[in-house]
Amino acid sequence: MVIKNFFIKGVLKMNKTQLIDTVSKEANIKKRDVEAVVESFLNTIVGSVAKGEKVQITGFGSFERKQRGERTIKNPRTGEPMKVPPSKSPSFSAGSVFKEKVNK
């Protein structure tokens, strides 16, 4: 399968609409069907990670929620220390097959 890249303002990008168009053409499936699958796929990953579950897709990578502890930073204006409360953020780690393709 060959995925077409899109050149926008000097950067290679592909947004969700372009991904849906490309998959629709490559798989010869109606765009609305591909859109439903992509939306469901993304919603499943987001929902699972939000609940603290790790989502692993063999060869592609894994998505998980990371916890950041409370920390102290300096206010850039005043230089005074400020406490930043703990937070959670999504994380993606590329799988070995994905890394190999990128490094070719």
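With the cut-off at 20 Å, tell me which of the pairs LYS13/LYS88; LYS13/LYS99; LYS54/LYS88 have Cα atoms farther apart than that. Display every interim value, and only then the final one.
Working: LYS13/LYS88 27 Å; LYS13/LYS99 18 Å; LYS54/LYS88 14 Å.
Over 20 Å Cα-Cα: LYS13/LYS88.
(1) 2, 10, 11, 14, 18, 15, 10, 8, 6, 4, 2, 0; (2) 2, 13, 25, 25, 18, 11, 5, 1, 0; (3) 2, 9, 9, 10, 10, 10, 10, 10, 8, 6, 5, 4, 3, 2, 1, 0, 0: which one is P(r) over Cα pairs in 5 Å bins from 0, in percent as calculated from this entry?
(1)
Ignoring everything except DSSP H segments at least 4 long, calculate the 222 nm mean residue ellipticity for the chain; use -39,500 (n - 2.57) per segment, divide by total residues, nearest 500. Provide the component values of the computation, followed by the final result.
Details: 3 runs with 39 residues, N = 104.
That calculation yields -12000 deg cm²/dmol at 222 nm.
Under a point-charge model restricted to the Cβ atoms of Lys and Arg (+1) and Asp and Glu (-1), what is the dipole moment magnitude of region 54-104 relative to its Cα centre, in debye to the nearest 20? Don't skip to the answer; put the middle values down first.
Details: 12 positive and 4 negative charges, 11 e Å.
Charge dipole of region 54-104: 60 debye, to the nearest 20.
Using a 10 angstrom cutoff on alpha carbons, build the Gaussian network for the chain and name the most mobile of ASN75, ASN43, ASN28.
Looking only at ASN75, ASN43, ASN28, the largest GNM fluctuation is found for ASN75.
For the Cα atoms of the chain, what angle does the longest principal axis make with the long axis of helix 16-27, in degrees from 0 to 90, nearest 10?
Tilt of helix 16-27: around 30 degrees.
Taking Cα atoms, how many degrees apart are the long axis of helix 31-50 and the longest axis of the chain, rounded to 10 and kept between 0 and 90?
For 31-50 against the chain, the angle is about 30 degrees.
Taken together, the values in this text are just the output of simple stated rules run on the coordinates, not laboratory data. Computed from a predicted model, the values in this text were never measured in an experiment. As a convention, Cβ positions derive from the backbone with ideal geometry for all residues, glycine included, and neighbour counts pool all protein chains shown.
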